[in-house]
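Student: Okay, handing you the structure first.
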Amino acid sequence: MTYCVGLKIDRGLVFMSDTRTNAGMDSISTFKKMHVWEEPGERVIVLMSAGNLATTQAVVSLLDERNKAVGDRHPKLLETPSMYQTVRLVGDTVKEVIEHASPNGDKADSYFNASFILGGQIKGSPPRLFMIYPEGNFIESTDDTPFFQIGETKYGKPIIIRAYDPTMGLAETVKLLLVSFDSTLKSNLSVGLPLDLLFLEKDSFKVGLNRRIRQDDPYYRTISDGWSNALKTAFASLPDFPG
């Protein structure tokens, strides 16, 4: 399982992903699920993945290979004229990989399914954020839906819905995401540390904060312990049932 979140704030885009993959309780590994393509001053593209590991790795490898190939007839990730054309390119690549891998072709119920969050900014247009489905189609974030989650989403969603504000600064946004991830980590063993964090500031056209948060990170420990204590205090402050 996986948990990834892409979130829009007024200052730009914030991404966070876990790194755990498992094929049963006795086969647990760490794999990076956040991938970045950057051309400083011109564009930054961020892609996070959830689902079948072979599929997600194949999609990323194919995008990389075609991006570096000289004279390749396929469109290149660092040459697309807009984020819309970028998400179409990634969606087509997802369909291509799943259709090639699955004996049943490109079907939504395939074992080879994978979903993605794509975000970034290309010079001349604002930052944009998309979620790509296994079928290769996609949706874009809006003011009403300013964030996307993929993977194990249910445990970390309530805190984001209740506390999110587009005017939040980076520090407060990271705090919000860490609480969301901590709730998920404590509820599902298939989501695990370390966590990858990346910030793309609006109109900077370069990667900003890019950090891996590990189990012994002092700030993460403060947030995890503090949130647990705050929940206990809030629960204790509620009135007892008048039975």
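Student: Please give the number of the condition Gly124 fails out of (1) of a type outside the set (D, E, K, R); (2) crowded, with 20+ Cβ neighbours inside 10 Å; (3) more than 28 Å from Ala163 (Cβ to Cβ).
Tutor: Status for Gly124: all satisfied but (2).
Student: Now for a different question. Can you pull out every residue in region 1-20 that is of a type in the set (S, T, N, Q) and either surrounded by fewer than 20 Cβ atoms within 10 Å (Cβ to Cβ) or not in a strand (DSSP E or B) (or both)?
Tutor: Within region 1-20, Thr2, Thr19 meet the criteria.
Student: Also, I was wondering about something else. crowded, with 18+ Cβ neighbours inside 10 Å, over 15 Å from the mean Cα position of the chain (by Cα), outside any loop (DSSP other than H, G, I, E, B) and not aliphatic (A, V, I, L, M), is that true of Asp182?
Tutor: Spelling it out, Asp182 is indeed crowded, with 18+ Cβ neighbours inside 10 Å, over 15 Å from the mean Cα position of the chain (by Cα), outside any loop (DSSP other than H, G, I, E, B) and not aliphatic (A, V, I, L, M).
Student: Quick check: is even one residue across region 36-50 crowded, with 22+ Cβ neighbours inside 10 Å, under 26 Å from Thr167 (Cα atoms), aliphatic (A, V, I, L, M) and in contact with a Lys or Arg (Cβ under 8 Å, 6 or more places away or on another chain)?
Tutor: Scanning region 36-50, I find at least one residue that is crowded, with 22+ Cβ neighbours inside 10 Å, under 26 Å from Thr167 (Cα atoms), aliphatic (A, V, I, L, M) and in contact with a Lys or Arg (Cβ under 8 Å, 6 or more places away or on another chain), so the answer is yes.
Student: Taking Leu209, is it without any contact (Cβ under 8 Å) to a residue 40 or more places away in the chain, over 26 Å from Asn22 (Cβ atoms) and touching a strand residue (DSSP E or B) at 6+ places or on another chain (Cβ under 8 Å)?
Tutor: In short, yes.
Student: Follow-up question, since we're still on this one. Select, from Gly124, Gly192, the only residue that is touching a strand residue (DSSP E or B) at 6+ places or on another chain (Cβ under 7 Å) and not acidic (Asp, Glu).
Tutor: Unique residue meeting the criteria: Gly192.
Student: On to the next question. Of everything in region 21-40, what is over 28 Å from Glu99 (Cα atoms) and in a strand (DSSP E or B)? Give them in sequence order.
Tutor: Glu38, Glu39
Student: When both residues are 6+ apart or on different chains and their Cβ atoms are under 6 Å apart, which pairs have a first residue that lies in region 41-57 and is part of a strand (DSSP E or B), and a second that is among the charged types (D, E, K, R) and at pLDDT 95 or above?
Tutor: Val44/Glu38; Met48/Lys33; Ser49/Lys33
Student: From the list Pro166, Pro146, which residue is touching a residue at least 12 places away in the same chain (Cβ under 8 Å), farther than 21 Å from Arg20 by Cβ, loosely packed, with under 13 Cβ neighbours inside 10 Å and in contact with a strand residue (DSSP E or B) (Cβ under 6 Å, 6 or more places away or on another chain)?
Tutor: Only one candidate passes the filter, namely Pro166.
Student: Are any of the residues in region 217-239 within 23 Å of Ser115 (Cα to Cα) and either under 19 Å from the mean Cα position of the chain (by Cα) or exposed (fewer than 11 other Cβ atoms within 10 Å of the Cβ) (or both)? Even if it seems obvious, please write down each step before you answer.
Tutor: Of region 217-239, the ones within 23 Å of Ser115 (Cα to Cα) are none.
There is no residue in region 217-239 that is within 23 Å of Ser115 (Cα to Cα) and either under 19 Å from the mean Cα position of the chain (by Cα) or exposed (fewer than 11 other Cβ atoms within 10 Å of the Cβ) (or both).
Let's see how each residue does on (1) closer than 16 Å to Arg43 by Cβ; (2) of a type in the set (Gly, Ala, Ser); (3) surrounded by 13 or more Cβ atoms within 10 Å (Cβ to Cβ):
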{"residue": "Val59", "(1), (2), (3)": "no, no, yes"}
{"residue": "Leu62", "(1), (2), (3)": "no, no, yes"}
{"residue": "Asn67", "(1), (2), (3)": "yes, no, yes"}
{"residue": "Arg73", "(1), (2), (3)": "no, no, no"}
{"residue": "Leu78", "(1), (2), (3)": "yes, no, yes"}
{"residue": "Met83", "(1), (2), (3)": "yes, no, yes"}
{"residue": "Ile98", "(1), (2), (3)": "no, no, yes"}
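Student: Suppose we filter Ser115, Ser125 for residues that are hydroxyl-bearing (Ser, Thr, Tyr), assigned to a strand (DSSP E or B), under 26 Å from Gly208 (Cα atoms) and touching a residue at least 40 places away in the same chain (Cβ under 8 Å); which single one remains?
Tutor: The conditions single out Ser115.
Student: Scanning region 159-179 for residues that are part of a helix (DSSP H, G or I) and among the small types (Gly, Ala, Ser), which turns out farthest from Ile223 (Cα to Cα)?
Tutor: Ala163
Student: Which of the residues spanning region 66-104 are of a type in the set (Gly, Ala, Ser) and either in a helix (DSSP H, G or I) or at pLDDT 95 or above (or both)?
Tutor: Hits for region 66-104 are Ser82, Gly91, Ala101.
The values are calculated or read from the model by the stated rules, or taken from the named source; none is laboratory data. Source: prediction; values computed, not measured. Note: ideal-geometry Cβ built from the backbone for every residue, glycine included; neighbour counts use all protein chains shown.
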